[in-house]
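Step one of this worksheet: look at the structure below.
The values are calculated or read from the model by the stated rules, or taken from the named source; none is laboratory data. These figures come from a predicted structure and were not determined experimentally. Here the Cβ positions follow ideal geometry from the backbone for every residue, glycine too, while neighbour counts run over all protein chains shown. With ligands, DNA and RNA removed, areas are computed over all heavy atoms of the protein, side chains included. Shrake-Rupley method; radii C 1.70, N 1.55, O 1.52, S 1.80 Å.
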Amino acid sequence: MTTKIVIIDDHQLFREGVKRILDFEKSFEVVAEGDDGKDAIHLVEQYHPDVVIMDINMPHTNGIEATQQLIEKYPESRVIILSIHDDENYVTHALKTGASGYLLKEMDADALVEAVKVVAEGGSYIHPKVTHNLVKEYRRLATETGNGESYPPNGEIRRPLHLLTRRECEVLQLLADGKSNLGFGEALFISEKTVKNHVSNILQKMNVNDRTQAVVVAIKNGWVEVR
């Protein structure tokens, strides 16, 4: 099946670059483009896309406002926010408005393609660098709950060897470190294809939908270090 995509970004050159990357995927079709958030609802009404890729910073209606308006009118819309900001406050704000993904504009082509595929299938995708910042904030808040709860439990890191292979445990740690697929490959001396297979196996074994959920579960169980 074809994944229909709408791109909304006020920088034409960047927008064309994103379109060019997506056009390489046979299962993707960029059906429309816009240069301001106010175009979002109109284009969704007209083209019924599976995924909307939305820049966060636009001159009239920004990506957060546009996403909120879009989700209010079309709750099933799947939006990926594009941003230069890796601060967790931007991310949480975007997710609270209903966005399904958050990508930094420093992303590589593989991350963009993977994000679209994951979000189109109903999952969530957050740029690995941003995930790491969220994880650190999550751990800070968890250790300040005042109820004596700490992460990891008992202060010990216990790899989930009952659930994952040793290699998958290594990949899970790198997920928590905020590494990209390319970074995994360089750290473990394996191909990006092999990395993707490991990540897919981890998500399936942990019964989670995306990388962020996997990392949060791993932190709560003391399976990874947050460093």
Counting only protein heavy atoms and using a 1.4 Å probe, what share of the accessible area of the chain belongs to carbon plus sulfur, as a whole percent? 47
Roughly how tilted is helix 166-176, in degrees to the nearest 10 and between 0 and 90, from the longest Cα axis of the chain? 50
Near Val199, within a Cβ-to-Cβ distance under 13 Å, what is the net charge of the other residues, with Lys and Arg +1 and Asp and Glu -1? +1
When only DSSP loop residues count, what chymotrypsin sites (Phe, Trp or Tyr not before Pro) in segment 170-227 have their Cβ near at most 10 other Cβ atoms within 10 Å? Phe189
For the chain, alpha-carbon Rg and Dmax in angstrom: 18.2, 55
Long-range share for segment 1-104, i.e. C-alpha pairs more than 16 Å apart as a percent of all pairs, stands at 52
What FRET efficiency comes out for Asn221 versus Lys105 if R0 is 25 angstrom and r is the Cβ-Cβ distance? Round to the nearest 0.05. 0.15
For segment 151-210, calculate the relative contact order in percent as a whole number, restricting contacts to Cα pairs under 8 Å that are 6 or more residues apart. 32
What is the mean projected area of the alpha carbon convex hull for segment 180-227, to one decimal in square nanometres? 3.5
